[in-house]
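Following: one structure in structure tokens, then a few remarks.
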Amino acid sequence: MKIVASLLSLLLCIPVFAATFDLPSEHFDVIGGVVTVQTKYEDTLLDIARSRSIGQDQMERANPGVDRWLPGEGTNVVIPSHYILPRAPREGLVLNLPEMRMYYYPPKKAGQPAQVQTFPIGIGRMDWATPLGRTQITSKIKDPTWTPPESIRKEHAAKGDILPRVVPAGPNNPLGRYAMRLSMPGYLIHSTNKPIGVGMRVSHGCIRMLPDDIERLFPQLPVGTPVNIVNQPVKAGWHGGKLYIEVHPPLEEYPNDRGAMVQEVMLALDDAMARRSSGATLNNALIDQELSQPTGMPLVISTGG
């Protein structure tokens, strides 16, 4: 038992690439699974989330009542590494903004199963919203400099923080060590020198990734890789003959009242049911519960089938 505990402690302290999954067939849409670990005294939820490629908001929703800074020795912590794939072509990058998560579908290699990689992302604040739509990677830069737009320099100046016109590469550069420019003018997918913001709405519209995650992803993506940015607060999909639903808090800048969320549920369910005929009966009480208190984790909502 001591050896197992020591190995677990090592996994919690060292970043691990636990976000690559074999891609399900067209009849399956769910990947990963929920894992529970026990903390050591010095662990924080932030450290555990980063080691498992989980965003900050996602981690806190999965562990209500657990102190993010001092969860304490021996606390059971849920790792919500369980996902329904977004409703989008399984190619290139797919970014689901309400989920604050990216999915990468690398080209299939001969003799190997198709795979999907998934990473948490930070996105734009409501007043600097990340745009939706199809785009592509137009250039890749290692150790980029940052030229703050005038609007951002004015915002910082109003707070007494005077930004230089050009921030050189290095530890003080908010772009981190890697940046990928999109065909949407002014928008990047980049690393960050403040990883605590990944999985939250903190940027000026760009997409932030954990330094360890983008270091692994950057060399895999050629210029021209398609990028599809979607708004899907509700996802639905099949696994093992069961229908799952996954609900995330909606973005404030889009319709987000109860009626709008019910419409999102209908869109997700209609898509899932159209792809597979089934005699399953839906548990409406569970759907209603998930809409009222989104957990951000897949939940079985069907019986029979």
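Quick rundown of the values:
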item: Test: residue in segment 167-186 that is closer than 15 Å to Ala129 by Cα and among the aliphatic types (A, V, I, L, M); result: yes
item: Some residue of segment 135-150 being of a type in the set (S, T, N, Q) and either touching a helix residue (DSSP H, G or I) at 6+ places or on another chain (Cβ under 9 Å) or closer than 23 Å to Gln56 by Cβ (or both); result: no
item: Gly240 vs. criteria in contact with a helix residue (DSSP H, G or I) (Cβ under 7 Å, 6 or more places away or on another chain) and on the phi > 0 side of the Ramachandran plot; result: no
item: Candidates Leu210, Leu182, Leu188, filtered to the one that is farther than 20 Å from Glu99 by Cα, assigned by TED's automatic domain parsing to the domain that holds Pro107, crowded, with 18+ Cβ neighbours inside 10 Å and not acidic (Asp, Glu); result: Leu182
item: Scope segment 117-152; condition among the basic types (Lys, Arg), assigned to a strand (DSSP E or B) and either within 19 Å of the chain's Cα centre (by Cα) or not assigned by TED's automatic domain parsing to the domain that holds Pro185 (or both); matching residues; result: Arg134
item: Test result for Pro219, in the same structural domain as Lys140 (by TED's automatic domain parsing) and farther than 21 Å from Asp29 by Cβ; result: yes
item: Residue identified as outside the structural domain of Ile123 (by TED's automatic domain parsing), crowded, with 22+ Cβ neighbours inside 10 Å and not acidic (Asp, Glu) among Gly65, Gly55, Gly72, Gly32; result: Gly55
item: Single residue of segment 214-230 satisfying the filter (touching a Lys or Arg at 6+ places or on another chain (Cβ under 9 Å) and closer than 21 Å to Asp47 by Cα) that is surrounded by the fewest Cβ atoms within 10 Å (Cβ to Cβ); result: Glu215
item: Hey, Gly197 farther than 30 Å from Asn283 by Cα and either hydroxyl-bearing (Ser, Thr, Tyr) or at pLDDT below 95 (or both) or not; result: yes
item: From the options Gly205, Gly259, residue that is more than 21 Å from Phe28 (Cβ to Cβ) and not assigned by TED's automatic domain parsing to the domain that holds Arg177; result: Gly259
item: Single match in Arg177, Arg153, Arg165 (criterion: in contact with a Lys or Arg (Cβ under 9 Å, 6 or more places away or on another chain), buried (at least 18 other Cβ atoms within 10 Å of the Cβ) and basic (Lys, Arg)); result: Arg177
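The values are calculated or read from the model by the stated rules, or taken from the named source; none is laboratory data. Please read these numbers as outputs of a predicted model, since none were measured by experiment. Cβ atoms come from the backbone with ideal geometry, glycine included; neighbour counts cover every protein chain shown.
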